[in-house]
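Written out below as structure tokens is the structure these notes cover.
The values are calculated or read from the model by the stated rules, or taken from the named source; none is laboratory data. Here the structure is a predicted model, which means the values were calculated and not measured. Glycine also receives a Cβ, built like all others from the backbone with ideal geometry; neighbour counts cover every protein chain displayed.
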């Protein structure tokens, strides 16, 4: 697989951050057989090796949960499916207000959106995690968000056909 095809296939695994796939390819050479675990390892290695500022751009590329992009139907296909799978597209008015408040407060506190791998979680579990994590220190939450980004990327790769 050449660089262009690799980046086209895996460049969106980390939300709006094709540079991670570019760096993974450029580290080369590619293994003879690519599978989800191998590609996840390659991409996560590049994400971890990135500067804190670069990782912050990845965090900032993620949408708010049940936020204005979701309401305007402007999420990436992956984000839309992930949020819908957790029921975030079917919030009550009170739940939506709570998510909006938490999104605003979280963003003001940390400078990036709340990120959690929603697969397998329901909206109540997500809300509970949101309410707990908003009290973390900046350093702890930055690392937690980075870990969640890697988990999301791995889940997306596991959903791909190889």
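Tabulated results
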quantity	calculated
Helices (runs of 4 or more DSSP H) contained in region 69-162 and holding at least 2 residues in contact (Cβ under 8 Å) with a residue 40 or more places away in the chain and buried (at least 18 other Cβ atoms within 10 Å of the Cβ)	77-85, 123-133, 138-158
Unique residue being closer than 14 Å to residue 153 by Cα, assigned by TED's automatic domain parsing to the domain that holds residue 130 and in contact (Cβ under 8 Å) with a residue 24 or more places away in the chain when the list is 62, 16	62
Unique match (being at pLDDT 95 or above and in contact with a helix residue (DSSP H, G or I) (Cβ under 8 Å, 6 or more places away or on another chain)) among 15, 82, 4, 45	45
Conditions (1) assigned to a loop (DSSP other than H, G, I, E, B); (2) touching a residue at least 24 places away in the same chain (Cβ under 8 Å); number of the one not met by residue 29	(2)
Hits in region 40-54 - residues which are more than 16 Å from residue 7 (Cα to Cα) and surrounded by 12 or more Cβ atoms within 10 Å (Cβ to Cβ)	49, 50, 54
Residue match in region 32-39 (condition: modelled with pLDDT under 95 and surrounded by 19 or more Cβ atoms within 10 Å (Cβ to Cβ))	no
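Yes/no matrix, rows are residues, columns are (1) touching a helix residue (DSSP H, G or I) at 6+ places or on another chain (Cβ under 6 Å); (2) at pLDDT below 95:
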position	(1), (2)
108	no, no
111	no, no
119	yes, yes
126	no, yes
129	no, no
136	no, no
148	no, no
151	no, no
157	yes, no
